[in-house]
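Colleague: Structure below; questions to follow.
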Amino acid sequence: MTTASKLPTFDELPKFKDFTGCAWEVWGKDDQLGTVNLLTDDVVKEASKEIKTGKAICLNWPVNFPNKPVFDRKSPEHEVRRHEKFSTVFDDHLHINTQSGTQWDGLKHFGLLQHGLFYQGTPASFFKNGKIDIVSPTDVDPELIKYGIHNWAQHGICGRGVLLDMVKFYTEKHGKLPYDPWTAHPIPLEDVLACAKAQGTTFRPADILILRVGFMQRFNGATQEERDALAGKEETFAGIDQTEDMKRFLWDNHFAAIASDMPSLERWPPLEGVPHLHSTILGMWGMPIGEFFDLEALAKHCAETGRYTFFFSSWPLNVLGGVASPPNAAAYF
């Protein structure tokens, strides 16, 4: 097992064509976990020491929201049906795009757009496009489900969580949030570091980094008309900047995963000619990207207690060969 202490630095990673920081085969040519490899038994055991009061906070937006998703995704449908034979028995029928709301982006979601490749240099043509039928749990084609979300589901994404509350940081500094989260505003690395310093937050290898940038606060305060209009307009959202220094920060701190409350972790869309950060984080490193996390209750508790670290637990849906999943995430204090 390659631990954080044995990992190469960002500048030591090889390049792949026009991309810096290629971590293919860092954990071996057959790896399907990516940076989740950092969440070893010892790391999880140490992280469990963050639980001191037992307070638990849900980080999942209800799967019903947003009712009108962005990025042309299917609206969630929830139907309750009474059993045909028993009047006091009900079932749920739930139809969702796993990335319409709170989500982990998996390794099959986003690759190197210019090169048609995914994690470990896997060509897009490798993945089946269409319905996947798996009948027997004892006879599963490993190639059919390769790089699926089930790998993280069966391992778990559990460890020490760290919240960087950019909303609180900016509001205290400027008197108000100096940008609209629904615009393509970049969060520079210097502000990320300044926020951490202001909170008294330091990082450890294998931390799960979570950023509150402001989508949920903005959404909760908007009119229904404004909320519904999001699905019909060009997608523009605030998020972390796509710089080499940002990449170096994320890799050299050896975060196991990264998430935010935005529909896209990175500033969306990138500036013309700037590669998507998704391509590096997912495609080059195999690092889970969380989006649409509901961080409002978490931010409130962190501010009240002055604690911005906690035990983080996430068990994605165990879908063989799945592309993405709701995270089923919680913070424990």
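Colleague: Restrict the check to the stretch 197-206 and report whether at least one residue is in a strand (DSSP E or B), free of Cβ contacts under 8 Å to residues at least 60 places away in the same chain and farther than 25 Å from Leu39 by Cα. Steps first, answer last, please.
Modeller: Going through the stretch 197-206, the residues in a strand (DSSP E or B) turn out to be none.
Within the stretch 197-206 (the criterion being in a strand (DSSP E or B), free of Cβ contacts under 8 Å to residues at least 60 places away in the same chain and farther than 25 Å from Leu39 by Cα), the answer is no, since none of the residues qualifies.
Colleague: Which ones in the stretch 90-141 are among the aromatic types (Phe, Trp, Tyr) and out of contact with any Asp or Glu (no Cβ under 9 Å at 6 or more places or on another chain)? Explain how you work it out, then say what you get.
Modeller: We begin by selecting, within the stretch 90-141, every residue among the aromatic types (Phe, Trp, Tyr); these are 90, 104, 110, 118-119, 126-127.
Scanning the stretch 90-141 gives Phe90, Phe110, Phe118, Phe127.
Colleague: When you look at Tyr332, is it in contact (Cβ under 8 Å) with a residue 40 or more places away in the chain and surrounded by fewer than 20 Cβ atoms within 10 Å (Cβ to Cβ), yes or no? Step through it out loud before you land on a result.
Modeller: Values: in contact (Cβ under 8 Å) with a residue 40 or more places away in the chain: yes; surrounded by fewer than 20 Cβ atoms within 10 Å (Cβ to Cβ): yes.
Yes, satisfied.
Colleague: What residue, among those in the stretch 8-39 that are hydrophobic (A, V, I, L, M, F, W, C), assigned to a loop (DSSP other than H, G, I, E, B) and under 22 Å from the mean Cα position of the chain (by Cα), is farthest from Ser313 (Cα to Cα)? Please lay out each step first, then the result.
Modeller: Let us first name the residues in the stretch 8-39 that are hydrophobic (A, V, I, L, M, F, W, C), namely 10, 13, 16, 19, 22-24, 26-27, 33, 36, 38-39.
Now restrict to residues that are assigned to a loop (DSSP other than H, G, I, E, B): 13, 22-24, 26-27, 33, 39.
Imposing the further condition that a residue be under 22 Å from the mean Cα position of the chain (by Cα) reduces the set to 22-24, 26-27, 33, 39.
Numbers: Cys22: 28, Ala23: 25, Trp24: 26, Val26: 25, Trp27: 23, Leu33: 17, Leu39: 11 Å.
Taking the candidates together, the pick is Cys22.
Colleague: Being more than 29 Å from Trp152 (Cα to Cα), touching a strand residue (DSSP E or B) at 6+ places or on another chain (Cβ under 9 Å) and not in a loop (DSSP other than H, G, I, E, B) narrows it down to one of Ala303, Ala229, so name that one. Walk me through it before giving the result.
Modeller: Details: Ala229 fails: touching a strand residue (DSSP E or B) at 6+ places or on another chain (Cβ under 9 Å).
Going through Ala303, Ala229 in turn, just one is more than 29 Å from Trp152 (Cα to Cα), touching a strand residue (DSSP E or B) at 6+ places or on another chain (Cβ under 9 Å) and not in a loop (DSSP other than H, G, I, E, B): Ala303.
Colleague: Considering only the stretch 125-132, I want to know if a residue exists there that is open to solvent by 30 Å² or more (accessible area, probe 1.4 Å), of a type in the set (Phe, Trp, Tyr) and either closer than 26 Å to Ala47 by Cα or out of contact with any His (no Cβ under 6 Å at 6 or more places or on another chain) (or both).
Modeller: Our first condition is that a residue be open to solvent by 30 Å² or more (accessible area, probe 1.4 Å); within the stretch 125-132, this holds for 125-132.
Subsequent filtering for residues that are of a type in the set (Phe, Trp, Tyr) retains 126-127.
Subsequent filtering for residues that are either closer than 26 Å to Ala47 by Cα or out of contact with any His (no Cβ under 6 Å at 6 or more places or on another chain) (or both) retains 126-127.
Yes: one or more hits.
Colleague: Restricting to the stretch 207-226, what's the tally of residues that are without any contact (Cβ under 8 Å) to a residue 40 or more places away in the chain and part of a helix (DSSP H, G or I)?
Modeller: So the answer is 5.
Colleague: Within the stretch 297-319, does at least one residue satisfy the condition of being charged (D, E, K, R), open to solvent by less than 10 Å² (accessible area, probe 1.4 Å), modelled with pLDDT of 95 or more and farther than 22 Å from Asp30 by Cα?
Modeller: Kept after step one, since they are charged (D, E, K, R), are these residues of the stretch 297-319: 300, 304, 307.
When the remaining residues are screened for being open to solvent by less than 10 Å² (accessible area, probe 1.4 Å), the result is none.
Looking through the stretch 297-319, none of the residues is charged (D, E, K, R), open to solvent by less than 10 Å² (accessible area, probe 1.4 Å), modelled with pLDDT of 95 or more and farther than 22 Å from Asp30 by Cα.
Colleague: Going by the structure shown, is Lys108 open to solvent by less than 40 Å² (accessible area, probe 1.4 Å), modelled with pLDDT of 95 or more and either part of a strand (DSSP E or B) or not aromatic (Phe, Trp, Tyr) (or both)? Don't jump to the end; show me each part of the working.
Modeller: Working: open to solvent by less than 40 Å² (accessible area, probe 1.4 Å): yes; modelled with pLDDT of 95 or more: yes; either part of a strand (DSSP E or B) or not aromatic (Phe, Trp, Tyr) (or both): yes.
Against the criterion (open to solvent by less than 40 Å² (accessible area, probe 1.4 Å), modelled with pLDDT of 95 or more and either part of a strand (DSSP E or B) or not aromatic (Phe, Trp, Tyr) (or both)), Lys108 qualifies.
Colleague: In addition: If a residue must be open to solvent by less than 20 Å² (accessible area, probe 1.4 Å) and in a helix (DSSP H, G or I), how many such residues does the stretch 250-265 contain?
Modeller: Pass one, the stretch 250-265, residues open to solvent by less than 20 Å² (accessible area, probe 1.4 Å): 250-251, 255-265.
This time we only want the ones that are in a helix (DSSP H, G or I), so: 250-251.
Residues meeting the conditions: 2.
Colleague: Taking Glu225 and the conditions (1) open to solvent by 20 Å² or more (accessible area, probe 1.4 Å); (2) among the charged types (D, E, K, R); (3) under 24 Å from Thr35 (Cα atoms), which numbered condition does it fall short on, given that it satisfies the others?
Modeller: Of everything listed in (1) open to solvent by 20 Å² or more (accessible area, probe 1.4 Å); (2) among the charged types (D, E, K, R); (3) under 24 Å from Thr35 (Cα atoms), Glu225 misses just condition (3).
Colleague: Starting from the stretch 179-190, take each residue that is under 22 Å from Gly232 (Cα atoms) and at pLDDT 95 or above and list its partners that are crowded, with 18+ Cβ neighbours inside 10 Å and among the small types (Gly, Ala, Ser), counting only C-beta distances under 6 angstrom and pairs at least six apart or across chains.
Modeller: Within 6 Å, the pairs are Tyr179/Ala238; Pro181/Gly214; Pro181/Ala238; His185/Ala238.
Colleague: Between Val135, Val167, which is of a type outside the set (D, E, K, R) and modelled with pLDDT under 95?
Modeller: Values: Val167 fails: modelled with pLDDT under 95.
After ruling out the rest, the residue left standing is Val135.
Colleague: Something else: Residues to consider are Ser87, Ser48, Ser75; find the one that is hydroxyl-bearing (Ser, Thr, Tyr), outside any loop (DSSP other than H, G, I, E, B) and open to solvent by less than 80 Å² (accessible area, probe 1.4 Å). Please lay out each step first, then the result.
Modeller: On the way: Ser87 fails: outside any loop (DSSP other than H, G, I, E, B); Ser75 fails: outside any loop (DSSP other than H, G, I, E, B).
From the options Ser87, Ser48, Ser75, the qualifying one is Ser48.
Colleague: What's the number of the only condition in (1) within 22 Å of the chain's Cα centre (by Cα); (2) closer than 28 Å to Trp285 by Cβ; (3) not β-branched (Val, Ile, Thr) that Asp42 fails to meet?
Modeller: Of the numbered conditions (1) within 22 Å of the chain's Cα centre (by Cα); (2) closer than 28 Å to Trp285 by Cβ; (3) not β-branched (Val, Ile, Thr), the odd one out for Asp42 is (1).
Colleague: Filter the stretch 145-177 down to residues that are touching a Pro at 6+ places or on another chain (Cβ under 7 Å), part of a helix (DSSP H, G or I) and not hydroxyl-bearing (Ser, Thr, Tyr), then give me how many there are.
Modeller: Step one: filter the stretch 145-177 for residues touching a Pro at 6+ places or on another chain (Cβ under 7 Å), giving 149, 152-153, 157, 170.
Among the residues that remain, those that are also part of a helix (DSSP H, G or I) are: 152-153, 170.
If we keep only those that are not hydroxyl-bearing (Ser, Thr, Tyr) too, we end up with 152-153.
So the answer is 2.
Colleague: What is the number of the single condition among (1) open to solvent by 50 Å² or more (accessible area, probe 1.4 Å); (2) touching a residue at least 24 places away in the same chain (Cβ under 8 Å); (3) not in a helix (DSSP H, G or I) that Glu234 does not meet?
Modeller: (2)
The values are calculated or read from the model by the stated rules, or taken from the named source; none is laboratory data. Everything numeric in this text was worked out from a predicted model, so none of it was measured. We place every Cβ from the backbone using ideal geometry, glycine too, and count neighbours over all the protein chains shown. Just the protein is used for accessible areas: all its heavy atoms, side chains included, with ligands, DNA and RNA removed. Shrake-Rupley method; radii C 1.70, N 1.55, O 1.52, S 1.80 Å.
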